[in-house]
1. Would you mind ranking 151, 61 so that the residue whose beta carbon has the fewest other beta carbons within 10 Å leads the list?
2. Which percent, nearest 5, of DSSP beta bridges in the chain are antiparallel?
3. In debye, nearest 20: dipole of the chain around its Cα centre with unit charges on the Cβ of K, R (+) and D, E (-)?
4. Would you list which aspartates and glutamates come within 15 Å of residue 89, measuring only between C-alpha atoms, while excluding same-chain residues fewer than 8 positions from it?
5. Taking the chain as the reference, fit the longest principal axis to its C-alpha atoms, fit the long axis of helix 225-237 to the helix C-alpha atoms, and give the angle between the two in degrees, 0 to 90, nearest 10.
6. Would you mind telling me which residue in 257, 125, 240 has the biggest mean-square fluctuation in a Gaussian network model of the chain, where springs connect alpha carbons within a distance under 10 angstrom?
7. Specify the inter-centroid distance of segment 95-159 and segment 1-62, based on alpha-carbon positions, in whole Å.
8. Between segment 173-187 and segment 205-282, how many Å separate their Cα centres?
Amino acid sequence: MVGSDLVVFDQPAALARWSDLQRQSGKRVAIVPTMGALHDGHLSLVAEARRRADVVIVSIFVNPLQFDRRDDFDDYPRSIDDDLAICRKLGVDVVYAPVASTMYPDDFETHVEPGPLGDVLEGPPRPGHFRGVTTVVAKLFGAARPHVAIFGEKDYQQLRIIRRMAIDLDMQIEVVGAATVREPDGLAMSSRNRRLSSADRIAAVCVPRALAAMAAAYADGDLDCGHLQEIGRAVIAAEPRARLEQLTIVDADSLAPLSALDHTGGIGLALIAVWFGEIRLIDNRRFVG
């Protein structure tokens, strides 16, 4: 117990018992999975969870399985005391904060494969990442027993994969995507932003600017994905501190690459990944006909 209102569990069985009691009393349960270092983007996810459920669980666990680089895992910001204070202030009902040995004991063997949606875009350059995501989310769902789970749309491919997993494995969980929350200069909020140097933080605004330039060209009638991608790449190339890994326009449902957009109601999505030093930032933008 932390304070008088917030309950903290570190064991899955204890969380499951609590959640089952909520369900038995007729309450709707929501979970917001996080890796901590909470910011305003996470706060918006909690607010969305509160709108959709009676009780809210926030999980805080830096998942080693989804990191393809050990240094990224080691350097990932951890601020559990601050995170608990934020959750208490927001009126979160439960924080689930297991340790790695609880999630993955020595005899742990089972993993959840993400399927074809994990084999494209961010999948190949980050081997094992989405397998780690689906495995940990499946375990969080198993412990929390939620009716609804809230994820940010900034990690769009992740969102699509988790939705597919919930459907394919008959989890009976509504997976909701919440809009990306941005800094005043347009940069998508991320726990990794705090690891940027001051110069890289200034440079990082080229990411939303690239997406905005593409959206402006689309609004002016440019439907050619190759040309739109060239526009975005030019914005990134003009920033010497940025190193573009990926900029692709895909179908928002299948994640298949698109050669052209239209204005007939289809949804295209520009996905971008850019490095600033050792920090990798991602973002996306929809093109709605």
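Each value in this text was obtained by applying a stated rule to the coordinates, not by laboratory testing. Predicted model, so just to flag it, every value in this text is computed and none were measured. We place every Cβ from the backbone using ideal geometry, glycine too, and count neighbours over all the protein chains shown.
1. With the fewest neighbours first, 151, 61 line up as 61, 151.
2. Numbers: 23 of 42 bridges.
Percent antiparallel among DSSP bridges in the chain is about 55.
3. Values: 32 positive and 40 negative charges, 128 e Å.
With only Lys, Arg, Asp and Glu charged at Cβ, the dipole is about 620 debye.
4. 5, 40, 81
5. 80
6. Of the options given, 240 has the highest mean-square fluctuation.
7. Using only Cα atoms to place each centre, the spacing works out to 17 Å.
8. 17
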